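Here the structure is laid out as structure tokens; the discussion comes afterwards.
FYI, it's all coordinate maths here, none of it is from the lab. As the structure is a computational prediction, the values presented were derived from the model and not from experiment. Positions of Cβ are generated from backbone atoms using ideal geometry, with glycine treated the same way; all protein chains shown enter the neighbour counts.
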Amino acid sequence: MEFVDGTLQRPYSGASIQRFAITWYKHLNVNRVNSWITWAVRHNVQQLSLYLIQKERLIITRSLFTCESLISLKLQITPDVRLPNYISFPKLKSLEIEGIEFSNEYWNEKLFSNCPVLEDFRMEHCTWFGMPNFCISTPALKHFKIDNWDDKWLPHGEDDGLRGCTLKGHAPNLETLYYNGSIAKEYVLTTFPLLVRAAVQFRFKPYVATRKQRISHGAAISQFLRALANIKRLFVSDDTLQALSFPDDLLQKLPTFHNTNELIMFEEVTAHKALVALLKATPNLKLLIFNKTVLSDDEEENDAAGSDAVADAANGENNHDSDDDVAGSDADAVEAKTTMTMKMMIGHMIW
């Protein structure tokens with residue numbers, strides 16, 4: 001530690017620091033951490049990453065959250081950290097946060113409005129206890145990810161606070177969306193006209209949910225899906241289909257996905273009725289894929305060739321549809337729905 005302190009105290013003639021990272025898996029003195037961050041901010045750091053495991057909540061110096069030179073910021077801090085009620089990143093394009101505790105005491109619905117060029121926003125293992133509303137309004141945003149479900153982080157599906165929160169969003173330039181977490185109380189989202197790909201994994205505990213809660217879950221998911229009406233490639237989990245299956249009238253209220261040409265199911269499908277309803281809501285579907293997990297952004301380009309090959313095979317020869325794709329009487333409904341070819345693709349993929 002003394003070596004780092006000494007190094008940072010030396011005169012530095014460079015115009016700016018391109019990248020500054022702190023990775024430490026033992027408790028660090030808060031004052032020392034903040035002194036390092038302050039040094040980086042003063043030297044116009046462009047990319048800053050913090051991966052820390054602390055004994056208690058870390059209070060980060062406010063100077064970081066008004067840094068004018070930052071282009072990329074990654075915060076992965078255990079057990080958690082709170083954002084100040086004001087942030088301003090005029091040049092920030094990429095933001096990744098993990099372990100952030102949002103609370104009504106510190107929250108401001110305009111918190112992210114001072115990030116005018118933010119394009120990539122990722123949130124993992126965050127909590128929203130006591131938050132009536134959570135708003136993300138970033139017109140330049142292209143990629144958004146919420147990954148909030150992990151048995152190691154939330155054992156047995158414990159609450160993360162989102163169930164009592166209304167999630168609001170305005171991102172007209174959004175291209176990709178990933179949602180893996182519990183179901184919010186309500187979704188107030190503008191449509192995403194440029195959306196190319198979205199993965200939807202809503203998580204809940206059906207064996208403990210009351211009838212009223214299950215109806216509420218389905219209604220909220222229906223709100224969410226309406227914002228995805230322009231999607232081209234849609235990933236859906238079986239949990240999501242289960243939530244939509246109760247009650248039946250929710251399936252009748254699904255939006256029509258006119259632009260969707262690929263539908264990818266991951267996890268074993270058990271909600272067959274909801275799957276059939278979703279197929280009916282995608283009149284221009286060309287390819288139905290059954291997969292294990294969701295393809296990552298980094299693997300998307302490599303996967304494109306494989307998807308094209310499957311589509312070519314589907315349009316050409318050796319089309320082997322079978323009743324195993326959808327169990328029971330629903331198989332006939334799927335087959336009658338469209339002349340598209342369904343292929344079974346089993347592969348191990350990650351986001």
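With R₀ fixed at 45 Å, the C-beta to C-beta distance from E267 to V117 puts the FRET efficiency at about 0.80. Highest mean first, the peptides 91-97, 218-224, 238-244, 252-258 sorted by other C-beta atoms within 10 Å per residue fall in the order 238-244, 218-224, 91-97, 252-258.
Here the 3J(HN,Hα) profile of the stretch 253-264, calculated from phi with Karplus coefficients 6.51, -1.76 and 1.60 at θ = phi - 60°, is 9, 5, x, 8, 9, 5, 8, 6, 10, 9, 10, 10 Hz, Gly and Pro shown as x. Phi-derived couplings, Karplus 6.51 cos²θ - 1.76 cosθ + 1.60 at θ = phi - 60°, listed residue by residue for the stretch 178-184: 10, 10, 9, x, 6, 8, 5 Hz, with x used for Gly and Pro. Cross-link pairs exceeding 19 Å in C-alpha to C-alpha distance, out of K185/K232; K232/K280; K26/K93; K168/K212, comprise K185/K232; K26/K93; K168/K212.
If you take the Cα centroid of the stretch 48-120 and the Cα centroid of the stretch 127-146, the two points sit 13 Å apart. What the Cα convex hull of the stretch 214-260 gives, in volume per residue, is 59 Å³.
At full extension, S63 and H258 could sit 65.5 nm farther apart than now, given 0.36 nm per residue minus the alpha carbon distance.
Per-residue extension of 0.36 nm, minus the Cα-Cα distance of N44 and R32, leaves a gain of 2.4 nm for this segment.
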